[in-house]
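K.L.:
Right, I'll just put the structure down here and ask away after.
Rule-based calculations on the coordinates, nothing more; no lab input. Predicted model, so just to flag it, every value in this text is computed and none were measured. FYI the Cβ positions are ideal-geometry reconstructions off the backbone, even for glycines, and counts take in every protein chain you see.
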There are 2 protein chains.
Amino acid sequence: MRHLECFLAVGEERHFGRAAERLGMEQPPLSQRIRRLEKELGAELFDRSGGQVALTAAGSVLMREAPALLRQHQRLRTLVKRAAEADPAEPPRPWSSIY
Amino acid sequence: MRHLECFLAVGEERHFGRAAERLGMEQPPLSQRIRRLEKELGAELFDRSGGQVALTAAGSVLMREAPALLRQHQRLRTLVKRAAEADPAEPPRPWSSIY
DNA sequence: ACTGATTACGTCGCACGTAACAATA
DNA sequence: TATTGTTACGTGCGACGTAATCAGT
């Protein structure tokens, strides 16, 4: 999930340096994350040749589809948090059902 | 993401042992994962008191919402994989644009 | 006492930052 | 040579399995 945010930053900036700054991290970890994501997905996402950071076909698909997944993820977090606040799990009160 | 699969297994089985077996792992790591997930979400998901594994309100919400997220995640992986296979990133051929 | 969940502990892999390197303009 | 991306390396946290412990029936 974090990988996707990093990927989106790079895909939008088309620049590892600016993306890393935007994400509050350094370039090397970012580069590694992207590589891992590519390996995990089994697909090259960026074409780094030619001094350019260009999207591959797979990268374009991911750029188009990733935001929806991130939004849904955020939505889920919000719903769960809300439910937990509305019905806070009662702290253990072993006596409550007796008295 | 993996956390959600673990959570769903426990939520469906309502039993850490069977869930762990289904997931191909041991109970202790599973228990830890669930605890981490709960801490990360800031919400109790299960009520382990009474020798029962019962869903809390937040847990119920997650049981209802998680499958959609997992499906979308799987869909994304499929789309990316397909795009990568349809347009395999060309291996570096520095001479191709010359000859 | 037995079944089931958690905590304790050692190990491995991932993620980060800093530093050194390679490649492109 | 300056800029940009990657590899190298050491450190810390997360995840796993095995073993020991706690809780409920």
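K.L.:
Restricting to region B:70-90, what's the tally of residues that are over 16 Å from A:Leu70 (Cβ atoms) and within 7 Å of another protein chain (Cβ to nearest Cβ)?
P.N.:
6
K.L.:
Can you find, within region A:32-47, the residue that is farthest from B:Pro88 (Cα to Cα) among those that are more than 7 Å from every other protein chain (Cβ to nearest Cβ) and among the charged types (D, E, K, R)?
P.N.:
Restricting attention to region A:32-47, the residues satisfying the condition of being more than 7 Å from every other protein chain (Cβ to nearest Cβ) are A:32-40, A:45-46.
This time we only want the ones that are among the charged types (D, E, K, R), so: A:33, A:35-36, A:38-40.
Working: A:Arg33: 21, A:Arg35: 16, A:Arg36: 18, A:Glu38: 13, A:Lys39: 14, A:Glu40: 16 Å.
Checking each candidate, the answer is A:Arg33.
K.L.:
Please work out which residue is farthest from DNA strand D (Cβ to nearest atom), limiting yourself to region A:46-71 and to residues that are more than 15 Å from the chain's Cα centre (by Cα) and aliphatic (A, V, I, L, M).
P.N.:
Within region A:46-71, the match that is farthest from DNA strand D (Cβ to nearest atom) is A:Val61.
K.L.:
Could you count how many residues in region B:1-27 are aliphatic (A, V, I, L, M) and within 10 Å of DNA strand C (Cβ to nearest atom)?
P.N.:
Result for region B:1-27: 3.
K.L.:
Still on this structure: List the helices (runs of 4 or more DSSP H) that sit entirely inside region A:16-88 and contain at least 1 residues that are among the hydrophobic types (A, V, I, L, M, F, W, C) and over 26 Å from B:Arg82 (Cα atoms).
P.N.:
Values: elements: A:16-23, A:27-41, A:57-86.
Of the helices (runs of 4 or more DSSP H) lying wholly inside region A:16-88, those with at least 1 residues that are among the hydrophobic types (A, V, I, L, M, F, W, C) and over 26 Å from B:Arg82 (Cα atoms) span A:16-23, A:57-86.
K.L.:
So which residues in region A:28-65 are under 11 Å from A:Gly11 (Cβ atoms), within 16 Å of DNA strand C (Cβ to nearest atom) and out of contact with any Cys (no Cβ under 9 Å at 6 or more places or on another chain)?
P.N.:
A:Leu45, A:Phe46, A:Val53, A:Ala54
K.L.:
Considering region A:1-45 alone, what residues qualify as being of a type in the set (Gly, Ala, Ser), more than 24 Å from A:Arg77 (Cβ to Cβ) and more than 7 Å from DNA strand D (Cβ to nearest atom)? Before you say what the answer is, go through the steps one by one.
P.N.:
So the first thing to find is which residues in region A:1-45 are of a type in the set (Gly, Ala, Ser), and the list is A:9, A:11, A:17, A:19-20, A:24, A:31, A:42-43.
Filter again for more than 24 Å from A:Arg77 (Cβ to Cβ), leaving A:17, A:20, A:31, A:42-43.
Of everything in region A:1-45, those that are of a type in the set (Gly, Ala, Ser), more than 24 Å from A:Arg77 (Cβ to Cβ) and more than 7 Å from DNA strand D (Cβ to nearest atom) turn out to be A:Ala20, A:Gly42, A:Ala43.
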